[in-house]
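**Q** Before I ask anything, here is the structure I am working with.
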Amino acid sequence: MLVVRGAQGIGKTALLRYLESSATAGQLLRASCVESEMELAYATLHQLCVPLLDRLCELPVPQRQALETVFGMRVGPQPDRFVVGLAVLSLLSGAADGSPVLCAVDDAQQMDPASAQVLGFVARRLPAASIALVFTARGRTQDLLGLPELELTGLGDAHAQVLVNSARCGGLDQHIRDRIVAEAKGNPRALLELPCELIGTQLMCLHGKTCAGPLANRVDQPVLAGIEELSEESRLLLLIVAAEPIGDPTLVWRAAARLGVTSAAALTAEVDGLLSFDVRVTFRHPHVRSAVYRAAAQQTRRAVHQALAEVADPHDDLDRCAWHLAAAFTEPNEAVAAELEQSARRAFARGGLVTAAVFLQRALALTPDSSPRAERAVAAAHASVLAGDLETAKRLVDFMGIDDRNEFLDQLERGCSVLAAVPFS
Ligand SMILES: Nc1ncnc2c1ncn2[C@@H]1O[C@H](COP(=O)(O)OP(=O)(O)OP(=O)(O)O)[C@@H](O)[C@H]1O
Ligand SMILES: [Mg+2]
């Protein structure tokens, strides 16, 4: 018997699936608890027992009738939970006579209370051999208390790096990957999603699109409400950290000073609960960064990027300067666009495919004249294809008004002659 516990995205379901696939012999009984069924008494138990229903006839009559009643197979008075528990014990023991049985219950924090009570009872009484009952849960579930627990705590840094590299938005610069690894704290879902989120949120917001997304609900409502209640200085500090992709504390404080924000005014206990100042400044909760960036007014975001562009050292970090400057601009500007194109070349040479694609998309948006626009559109589409972002590539090809989109994308993928005039050829 085991309860696998851990935060959302830490890998509980993945571990359960791995366990199921490793159990090659015997019978597998599965249940996945969903919030919408929490009110339905015995919903999880029913899911779990469906494959065993033809064995009900083997049970003593009171136990059989109890299960038939709670599963809605007969009409009768609500049976005693103790009898239901004994019936499930008998059913599982009968099924395990001869070959092992693995019962896998995912998301037990959403289990209906009647099932939780019965399965907790069963788990404490199951014979040790031949039946395994494994639950996953985000937190502690009252009825499962006292059962052996395995707390998942996330991946170590080396494995986290491997996972970030495997994310669909791979090809990020190493220093951005380092920050993601620091912020994700070994959480596999965060490691897979943050690379896209970090870049995607900024891009979406820069293009003036709605900044909502599936990740918005990854941040608890109270956390978001708490951020709204912070002072203007504190919120500005959070926004500076959110907009600065590396988490360089010196740069963050220089930009803060430029915007008139002092540490005395901005650093409150609440901010301390959200940010961690170390070699890097990181958000304690990996998705708060995007939430902060999304929540800010466009004008404030621009002011923050402007300040970051001004304080970044152009000799040390030309690319960061170019990016912030680009984010601060709304009007087309060839000088800024050309800077970004150069940054894209450098990123590409370093293997930062996503960064290169993002730089080029932004360069395109800021290019005033049609001839370089066409070139940059092709280059941006090419870089997007190479970075594995086909959606963006398709949008760019449509924007260019090319008739046979698929053929063109194929050519881009193969790096064909169409790219001859383009920076990445
Ligand atoms: N050890 C691992 N190595 C690589 N990827 C992993 C690992 N563990 C989990 N993942 C991936 O991370 C993501 C989140 O994992 P999973 O769905 O198992 O989390 P969870 O703990 O069940 O989350 P929730 O509480 O939301 O149900 C999935 O895409 C999964 O494939
Ligand atoms: Mg899960």
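The values are calculated or read from the model by the stated rules, or taken from the named source; none is laboratory data. Keep in mind it's a predicted model, so treat the numbers as computed, not measured. No Cβ is skipped: glycine too gets one built from the backbone with ideal geometry, and neighbour counts run over all protein chains shown.
**Q** Given the condition assigned to a helix (DSSP H, G or I), exposed (fewer than 14 other Cβ atoms within 10 Å of the Cβ), more than 15 Å from ligand 1 (Cβ to nearest atom) and β-branched (Val, Ile, Thr), answer yes or no: does some residue in region 43-51 qualify?
**A** Pass one, region 43-51, residues assigned to a helix (DSSP H, G or I): 43-51.
Narrowing the set further to residues that are exposed (fewer than 14 other Cβ atoms within 10 Å of the Cβ) leaves 50.
The next check asks that each one be more than 15 Å from ligand 1 (Cβ to nearest atom); those that pass are 50.
Subset that is β-branched (Val, Ile, Thr): 50.
Scanning region 43-51, I find at least one residue that is assigned to a helix (DSSP H, G or I), exposed (fewer than 14 other Cβ atoms within 10 Å of the Cβ), more than 15 Å from ligand 1 (Cβ to nearest atom) and β-branched (Val, Ile, Thr), so the answer is yes.
**Q** Can you pull out every residue in region 159-185 that is without any contact (Cβ under 8 Å) to a residue 40 or more places away in the chain and assigned to a loop (DSSP other than H, G, I, E, B)?
**A** Ala167
**Q** Suppose the filter is touching a helix residue (DSSP H, G or I) at 6+ places or on another chain (Cβ under 9 Å), in a helix (DSSP H, G or I) and among the acidic types (Asp, Glu); does Asp313 pass it?
**A** no
**Q** Okay, next question. In region 310-344, what residues are of a type in the set (D, E, K, R) and surrounded by fewer than 16 Cβ atoms within 10 Å (Cβ to Cβ)?
**A** Let us first name the residues in region 310-344 that are of a type in the set (D, E, K, R), namely 310, 313, 316-317, 319-320, 331, 334, 339, 341.
Selection gives Glu310, Asp313, Asp316, Glu331, Glu334.
Yes/no matrix, rows are residues, columns are (1) within 16 Å of ligand 1 (Cβ to nearest atom); (2) surrounded by fewer than 19 Cβ atoms within 10 Å (Cβ to Cβ); (3) part of a helix (DSSP H, G or I):
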| site | (1), (2), (3) |
| --- | --- |
| Val3 | yes, no, no |
| Arg17 | yes, yes, yes |
| Thr24 | no, yes, no |
| Leu29 | no, no, no |
| Arg55 | no, yes, yes |
| Gly72 | no, yes, no |
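**Q** Could you please give the count of residues in region 332-363 that are more than 16 Å from Asp389 (Cβ to Cβ) and outside any helix (DSSP H, G or I)?
**A** Number of matching residues: 3.
**Q** If Met38 satisfies every condition in (1) within 16 Å of ligand 1 (Cβ to nearest atom); (2) at pLDDT 95 or above; (3) over 18 Å from Val134 (Cβ atoms) but one, which is the exception?
**A** (2)
**Q** Any chance you could count how many residues in region 129-158 are polar (S, T, N, Q) and part of a strand (DSSP E or B)? Even if it seems obvious, please write down each step before you answer.
**A** First pass over region 129-158, keeping only residues polar (S, T, N, Q): 130, 136, 141-142, 153.
Imposing the further condition that a residue be part of a strand (DSSP E or B) reduces the set to 136.
Number of matching residues: 1.
**Q** Hey, Gly247 hits all of (1) part of a loop (DSSP other than H, G, I, E, B); (2) of a type outside the set (Asp, Glu); (3) touching an Asp or Glu at 6+ places or on another chain (Cβ under 7 Å) but one; which does it fall short on?
**A** (3)
**Q** Going through Gly154, Gly139 one at a time, which residue ends up being within 12 Å of ligand 1 (Cβ to nearest atom) and either more than 14 Å from Asp107 (Cα to Cα) or in contact with a Cys (Cβ under 8 Å, 6 or more places away or on another chain) (or both)?
**A** Just one listed residue meets the conditions, Gly154.
**Q** I've got another one for you. What is the number of the single condition among (1) within 21 Å of the chain's Cα centre (by Cα); (2) over 16 Å from Leu230 (Cβ atoms) that His315 does not meet?
**A** (1)
**Q** Here is a further query. Among (1) within 16 Å of ligand 2 (Cβ to nearest atom); (2) touching a Pro at 6+ places or on another chain (Cβ under 9 Å); (3) not aromatic (Phe, Trp, Tyr), there is one condition Ala95 misses while meeting the rest; what is its number?
**A** That leaves (1) as the condition not met.
**Q** I would also like to ask the following. Residues to consider are Arg395, Arg373; find the one that is surrounded by fewer than 21 Cβ atoms within 10 Å (Cβ to Cβ), touching a Leu at 6+ places or on another chain (Cβ under 9 Å), assigned by TED's automatic domain parsing to the domain that holds Gln411 and without any contact (Cβ under 8 Å) to a residue 60 or more places away in the chain.
**A** Arg373
**Q** Could you please find all residues in region 210-252 being basic (Lys, Arg) and at pLDDT below 80? Lay out the reasoning, then the answer.
**A** Restricting attention to region 210-252, the residues satisfying the condition of being basic (Lys, Arg) are 218, 235.
Matches in region 210-252: Arg218 only.
**Q** Oh, and also: Under the condition of being within 16 Å of ligand 1 (Cβ to nearest atom) and of a type in the set (Asp, Glu), which residue from region 106-120 is surrounded by the fewest Cβ atoms within 10 Å (Cβ to Cβ)?
**A** Asp107
**Q** Go through region 5-32 and give me each residue that's of a type outside the set (Ser, Thr, Tyr) and near ligand 2 (Cβ under 10 Å from one of its atoms).
**A** Of everything in region 5-32, those that are of a type outside the set (Ser, Thr, Tyr) and near ligand 2 (Cβ under 10 Å from one of its atoms) turn out to be Gly6, Gln8, Gly9, Ile10, Gly11, Lys12, Ala14, Leu15, Leu16, Arg17.
**Q** Would you call Val83 exposed (fewer than 15 other Cβ atoms within 10 Å of the Cβ), assigned by TED's automatic domain parsing to the domain that holds Lys12, more than 41 Å from the chain's Cα centre (by Cα) and more than 21 Å from Gln27 (Cβ to Cβ)?
**A** No; evaluated as a whole, the condition is false for this residue.
**Q** Go through region 104-128 residue by residue and tally those that are outside any helix (DSSP H, G or I) and within 24 Å of Gly9 (Cα to Cα).
**A** Looking only at that region, the number is 6.
**Q** Would you pick out the residues in region 130-187 that are basic (Lys, Arg) and on the phi < 0 side of the Ramachandran plot?
**A** First, the residues of region 130-187 that are basic (Lys, Arg): 138, 140, 168, 177, 179, 185.
Selection gives Arg138, Arg140, Arg168, Arg177, Arg179.
**Q** Just give me the residues in region 105-140 being within 16 Å of ligand 2 (Cβ to nearest atom) and more than 24 Å from the chain's Cα centre (by Cα), in sequence order.
**A** The answer is Val134, and nothing else.
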